[in-house]
């Protein structure tokens, strides 16, 4: 069995989740803190868009931005001598864009769940906004943020459409597990496809278990939060 | 020591428009739910921003919308006790108490220690808020606020989330704390018992406007306005007209009553507290009898609530609410009285505050 798709997928998903995690949390913090309701609605819509767009459309936009003949792609090629489209980094790019909304939305939901009186209390006690975020918001939102991370990881791992558009399906380079399954089936090699399918199913199952674990913690924390009212 | 507040803010359905000053002790703000009293407290703390206003605490201007001054809550030095105490669930008692202190770890330690023992939290330092009882949580919240040395203490319905038993115990505790504290405090509540027990001065609010401001006991004794009478727990209000210097006609009950005080010129209502009635027999000759129809009766643990309808052939058939202890009612269980009487000095003479929405 060719293990390269497994390695490429794991590598892509791992790098993706790190980038997505920080981007998603930062975006969530920023949007939650926006004062203007209209701006918040618009930004929320834009940041969630990749979740509802077909991945091929997301990939199409990426190709349009990062393609070799496109401004950003050309810039990278000319100044860094680096070609983004159809390289391994393009798999990360595609997975990040598609996984980002899941991370962002989970984190935003988790931040909004934090009792706003806690934030007000922090302010009247003289804590800076930064301290409030790190000492109060983040610790009380951890389960929700982590379960968002798990979800985003799974989404990155399973990414197909956008990856095919911007990274292509180059064996040993950009062929991730979903693409390898597609290729195997196209070539009529069902045994090979089965192997990859089994691996994906196992990883996805573990992910769901992990997510349930975190969201169970979240519920418990919410209960504790409520209890200190009674 | 003083706090000066002037606020304007548009709220749903009405606007908050208040101006008052506090110079010492604890001011109670009494109002129905949603009258803007919590909003007032939050504006002082800087948690919400009024449309217009000026707030001066001691000599510091916290807010002056005309001069574009608006200190963030971090710089206002106010202690805010939230309804649910807002203890940080991810921090222990010790960490909660020390969080507002801008000190090094070594300097913090003794201050936190002292607050913990002052609020009788010894042994609970490493507990988390959800492991504490309601009373302990309130003490932690107060310790956290007072460790921070605020210039004013803002108490937002501090007992609303507690059961009856705990409530009375904590009211006693808070009363003691406020005596020792010797600074400015504002307590917001819809519970008249709380202000009576805890606050020397009382402001009542109705739909965002102040309707009375003064000594708490005096306000309860002579509420002046029907809205204030209602907020201080007067169950019986009737529209009224003066018929003589010491005589008033209660339109809702269809009776003419003698009063001890001369009738004020703008009298619109009279009020009688539910426990100020006494029963009189059919033939008895007393001052101020009120004829009544068969009552509806409900039993409370230590008293009876008896609600009569006034005779509709005499007036507009208003209600009379009588509260009495169990031993007195036992004599009337089979045959409820058909008349109640009230002493002239127990009739509250009230005039509707003009420029305010009706009660």
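Inter-label distance, residue B:298 to residue A:205: 5.9 nm, where each label sits 7 Å from its Cα along the C-beta direction. The per residue volume of the convex hull around the alpha-carbon atoms of chain A is 140 Å³.
Histogrammed with a bin width of 10 Å, the alpha carbon distances of segment B:3-221 distribute as 8, 33, 36, 19, 4, 0 percent, first bin at zero.
For segment B:224-303, the alpha-carbon coordinates run over 41, 35, 19 Å along the three principal axes, in decreasing order.
Most fluctuating residue of B:140, B:243, B:97 in a GNM of chain B with Cα springs under 10 Å: which is it? Comparing B:140, B:243, B:97 in the GNM, the peak value goes to B:243.
Looking at the square roots a ≥ b ≥ c of the eigenvalues of the Cα gyration tensor of segment B:180-240, which shape do they give, rounded for a/c under 1.5, prolate if a/b is larger than b/c, or oblate? Intermediate values should be presented prior to the final figure.
On the way: a/c = 2.23, a/b = 1.89, b/c = 1.18.
Because a/c hits 1.5 or more and a/b exceeds b/c, segment B:180-240 counts as prolate.
Here is how the number arises for chain B: DSSP H runs of 4 or more residues each give -39500 (n - 2.57), the sum is divided by the residue count, and the result at 222 nm is -7000 deg cm²/dmol.
For chain B, the longest principal axis of the alpha carbon atoms and the long axis of helix B:105-118 meet at an angle near 30°.
Relative to the longest principal axis of the Cα atoms of chain A, the long axis of helix A:55-66 makes an angle of roughly 80 degrees. Treating each Cα of segment B:170-326 as an identical point scatterer and summing with the Debye formula, the log10 of I(q)/I(0) at q = 0.08, 0.15, 0.20 Å⁻¹ comes to -0.30, -0.93, -1.32.
Can you tell me the FRET efficiency between residue A:11 and residue A:131 if r is taken as the Cβ-Cβ distance and R0 is 56 Å, rounded to the nearest 0.05? Don't jump to the answer; show the numbers that get you there.
On the way: r = 36 Å, r/R0 = 0.65.
Given R0 = 56 Å and the Cβ-Cβ separation, E is 0.95.
Is the shape of segment B:30-116 best called rounded, prolate or oblate, per the rule: a/c under 1.5 gives rounded, else a/b larger than b/c gives prolate, else oblate, with a ≥ b ≥ c the square roots of the Cα gyration tensor eigenvalues? Since a/c reaches 1.5 but b/c is at least a/b, the shape of segment B:30-116 is classed as oblate.
What does the C-alpha gyration tensor say about the overall shape of segment A:106-196? Classify as rounded when a/c is under 1.5, otherwise prolate if a/b is larger than b/c, or oblate. Write down the numbers at each step before the final one.
Values: a/c = 5.41, a/b = 3.75, b/c = 1.44.
It is prolate, given that a/c is not under 1.5 and a/b is the larger ratio.
Using a Gaussian network model of chain A whose springs link C-alpha atoms within less than 10 Å, name the residue from A:133, A:160, A:111 with the highest mean-square fluctuation. Looking only at A:133, A:160, A:111, the biggest GNM fluctuation is shown by A:133.
Taking 1.306 mPa s as the viscosity and 10 °C as the temperature, the Stokes-Einstein diffusion coefficient of the protein assembly as shown based on its alpha-carbon Kirkwood radius rounds to 54 µm²/s. Going from the fewest other Cβ atoms within 10 Å to the most, the residues A:88, A:30 appear in the order A:30, A:88.
Separation of segment B:281-359 and segment A:174-207, taken as the distance between their Cα centroids, equals 83 angstrom.
The Stokes-Einstein estimate for segment B:92-182, based on a Kirkwood radius over Cα pairs and taken at 4 °C with 1.567 mPa s viscosity, is a diffusion coefficient of 95 µm²/s.
Secondary-structure-derived ellipticity at 222 nm for chain A, considering helices only, amounts to -26000 deg cm²/dmol, per-run term -39500 (n - 2.57) for DSSP H runs with n ≥ 4.
Rounded to the nearest whole angstrom, the semi-axes of the ellipsoid equivalent to segment B:234-350, taken from the Cα gyration tensor as √(5λ), stand at 24, 14, 13, largest first.
Just so you know, all these numbers are worked out from the coordinates, no wet-lab data involved. None of the values given here were measured: they were computed from a predicted structure. No Cβ is skipped: glycine too gets one built from the backbone with ideal geometry, and neighbour counts run over all protein chains shown.
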